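The values are calculated or read from the model by the stated rules, or taken from the named source; none is laboratory data. All values reported here derive from a predicted model rather than from experimental measurement. All Cβ positions, even for glycine, are placed from backbone atoms using ideal geometry, and neighbour counts span all protein chains on display. Remember, those area values only see protein heavy atoms, side chains included, never the ligands or the DNA or RNA. Shrake-Rupley method; radii C 1.70, N 1.55, O 1.52, S 1.80 Å.
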Amino acid sequence: MTTKPLEEPATTRPVDPALVPHGGRSKAPKVLAAVAVILALLPLVPVGIPVLFSGPFDTPGTLQVLAVALTLAGLAMSYDVIFGYTGLLSFGHALPFALAVYGTNLLMAHARLPYPVAAVVAIVGVVALSALLGAVALRTTGVAFAMVTLAFAEAFSILVLTDPVRFLGGEEGLSIASDMVPDLFRGVVNTRNIYWLALLTAVVVYVLARRVVTSRAGRVFEAIRENEPRVEMLGLAPFPYKLTSFVFGSGLAALCGTVYLLVVRGANASITSPDFTLSILIMVVLGGAGRLWGAALGGFVYGVLNLRLSGVATSDAIDALPDWLAGPLSEPLFVLGTLFVLLMLFAPGGLSSIGRRMRS
Amino acid sequence: MSSFVLYTITGLGLAGLYFLLASGLSLIFGLMSVLNLAHGAFFAAGGFAAWWVMDSVTFLSPGPRFLVAIGAAALVGTVTGALVERGLIRRLYGKHVEQILLTIGLGMAAVALMGGWFGYDPRLLTQPGWFTDTTEIAGANIPNSRLLILGVAVLLLVGLMLFLSRTRHGLIIRAGVENPAMVQALGIDVARSFTIVFALGGALAGVGGALGAVYFNGISPSLGTAQLIFAFIVVVIGGLGSVPGTALAAALVALTQVYVNNYVATGLGSISVVILLALVLLIRPQGLLGKAAP
């Protein structure tokens, strides 16, 4: 990494109102509370958005899509703490998430722990492991840090895929040990409860992350992102702050993982892959890094589009197109990737900055 | 003993593929500080170009056709690399994190684009009969395709070293890796070198894709991305921006992988490579032949 000149202006971008501590002047929490209330009422509304969703909001299929999207919103916020606020380019954020998904399920299946206990044990385990891995990885910076974290995540991914002890389900994945799940969250009939749990988790992640990023430590996170040598010169050691950010973000990711297990009713090898890590990065940047609600928006939009674009693509409008165009357009990742490239070129602050851009 | 020779040559063939992918990555990173996560897509594009030639240019006999296929793969890689640099990367000069993010989106879209066109199942490459024949070396029967991949990779390594050491463009690239600001201050157009390394990296990755389609017995959109992880590991172990370091690390990584997979347990090879990376980064963060970080 190149060191930045010390004469750099104090703020390299306008101060976001959402980042002002303790929310005195910020409108974000009120708007977000309203959004949360609307989302909480959705499962009671028998209407839908015709092309985007396959059925009204009160059907399990649509609620399932929304629950996945909400979990990803939480995951994106957890990564935003590490990448958006602290500026640590980790390529291994899939690891704490996937570890929690697999860990919770294995604890339920083999240690016969009920779901809530298994989830808590898994989160604690992931936090401890993240502290260890983070302490090793943070000895490097910049691209080397990205590579080490990628390597850790890749190691777990290979472990799952090759599955040497026939324990992790390989490419097939594991299905949930549903006998250990409370009745409230079991089966398709209770999709609504799972949806509410996913929403609650997203809210909890937001509140916890916001408390941390607006705290004194959170200000240091941002200072490290902007200019690490200067933080050192001010007499603060960046390492403990970077490690705190990394471990805290990983812990939140683990929390999202325990809920994701219920939402998709199993553990799939694809969430361990480096591609999934990169898609978390894309979610955060899509919405706007360094702004929690932006990351949440990015994760939500990514989740909905990734699951529903292929459904949209089978519509007649696309069928009428020639094959060479219809093929790629029915690939969600093609559309998302292209959208992302365009955003990077024309609106680098992500979706959440577009409103402000239009105003100024 | 004969199995040891087989594993060694198979490993060196794999090393050749890693080198083709990693040398471009390393030069691009060394010169421009861009970590090109779309590089795996260049590899896959080259593989599909070769597959298409082998599949449709049927008036040539398989041998010459394969030469055309390699040429087509190199051409597709070159053009893609140059276009990506000119059209996209150039717009974000000086913003390294944004450039990385852009290549992530690009790689994702490109893999899905190829998936939309060709499907995700591997497409089998028609191979000249000579490829599957074996040659006896020290009592081991080695498939000729392994020797071919190794030969082409060594040839390109020598070519690349000559290009970097003997031509003006090569000199500018080496100087740029050393100190881009100084090269610019001397009034040399570094931006043109940026396009050249991207085109060159694309060409090498494209040829890698064509050979990879032979090595892995087919080409699929995600093959490049799967190899890219190991190419990154090779780049970091070798030292960013160092071509000899990349070659050395490619051999080290591929041989470790093949030996461990065959002598210890299948699947452990990749994990041992990851451990190797972590060790190198902790003991010698600049890589085997890299300069100390500024």
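Give me the Kirkwood hydrodynamic radius of the range A:54-359, using the inverse of the mean 1/r over all pairs of distinct Cα atoms, in Å to one decimal. Write out the running numbers ahead of the final one.
Working: mean 1/r = 0.0502 Å⁻¹.
Taking every pair of different Cα atoms in the range A:54-359, averaging 1/r and inverting gives 19.9 Å.
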### Query
Check B:Arg123: other-chain or 5+ apart residues with amide H under 5 Å from its amide H, H built from backbone geometry?
B:Ile219, B:Ser220
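Give me the dipole magnitude in Debye, nearest 20, for the range A:54-359 about the Cα centre, with unit charges on the beta carbon: positive for Lys and Arg, negative for Asp and Glu.
Working: 18 positive and 17 negative charges, 238 e Å.
Once rounded to the nearest 20, the dipole reads 1140 debye.
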### Message
Rounded to whole Å, give me the distance from the Cα center of the range B:1-71 to that of the range A:32-49.
### Response
51 Å
### Task
Would you work out which of B:Thr167, B:Asn141, B:Ala199 lies farthest towards the positive end of the dipole of the range B:2-222, given +1 charges on the beta-carbon of Lys and Arg and -1 on that of Asp and Glu, about the Cα centre?
B:Thr167
### Message
Just to check, using Stokes-Einstein with a Kirkwood Rh over alpha carbon pairs, what's the diffusion coefficient of the range A:49-122 at 4 °C and 1.567 mPa s in µm²/s?
### Response
88 µm²/s
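List the relative contact order of the range B:2-222 as a percent without decimals, with contacts defined as Cα pairs under 8 Å and 6+ residues apart. Walk me through the numbers on the way to the answer.
On the way: 345 pairs, mean separation 96.9, N = 221.
Once normalised by length, the contact order is 44 percent.
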### Task
Please work out how much accessible surface B:Met182 shows to a 1.4 Å probe, ignoring ligands, DNA and RNA, in Å² rounded to 10.
110 Å²
### Message
Binning at 10 angstrom from zero up to the longest distance, how are the C-alpha pair distances of the range B:2-222 distributed in percent?
### Response
9, 32, 32, 19, 7, 1
### Query
Between Rg and the Kirkwood Rh of the range B:1-58, both from Cα atoms, what is the Rg to Rh ratio?
1.15
## Note on the structure
Over chain B, the sum of -39500 (n - 2.57) across DSSP H runs of at least four, divided by residue number and rounded to 500 deg cm²/dmol, gives at 222 nm -25000 deg cm²/dmol
#### Entry: Rounded D (µm²/s) - the range A:103-170, Kirkwood Rh over Cα pairs, Stokes-Einstein at 10 °C, 1.306 mPa s
117 µm²/s
#### Entry: Residue-averaged 222 nm ellipticity for chain A, from DSSP H runs of 4+ at -39500 (n - 2.57), nearest 500
-21500 deg cm²/dmol
### Query
Simple spin-label model, 7 Å along Cα-to-Cβ: A:Val189 to B:Ile283 in nm?
6.1 nm
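Once Rh for the range B:225-267 is found with the Kirkwood sum over Cα pairs, what is the Stokes-Einstein diffusion coefficient at 10 °C and 1.306 mPa s, in µm²/s?
My calculation gives 148 µm²/s for D.
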### Message
Using +1 at the C-beta of Lys and Arg and -1 at the C-beta of Asp and Glu, which of A:Gly350, B:Ile219, A:Ala122 has the Cα lying farthest in the positive direction of the dipole of the protein assembly as shown?
### Response
A:Gly350
### Summary
The answer for the per residue Cα convex hull volume of the protein assembly as shown, in Å³, is 166 Å³
### Query
What average count of beta carbons from other chains do you get within 10 Å of the Cβ of residues in A:335-346?
6
### Task
Determine, from the Cβ-Cβ distance of A:Arg359 and A:Arg216 and an R0 of 41 Å, the FRET efficiency 1/(1 + (r/R0)^6), rounded to the nearest 0.05.
0.85
#### Entry: Helical segments meeting 18 Å axial Cα length and Kyte-Doolittle 1.6 threshold in chain B (DSSP H)
B:2-32, B:144-166, B:223-238, B:268-283
### Task
Give me the distance in nm between label points sitting 7 Å out from Cα along the Cα-to-Cβ direction at B:Ala191 and B:Tyr259, one decimal.
4.8 nm
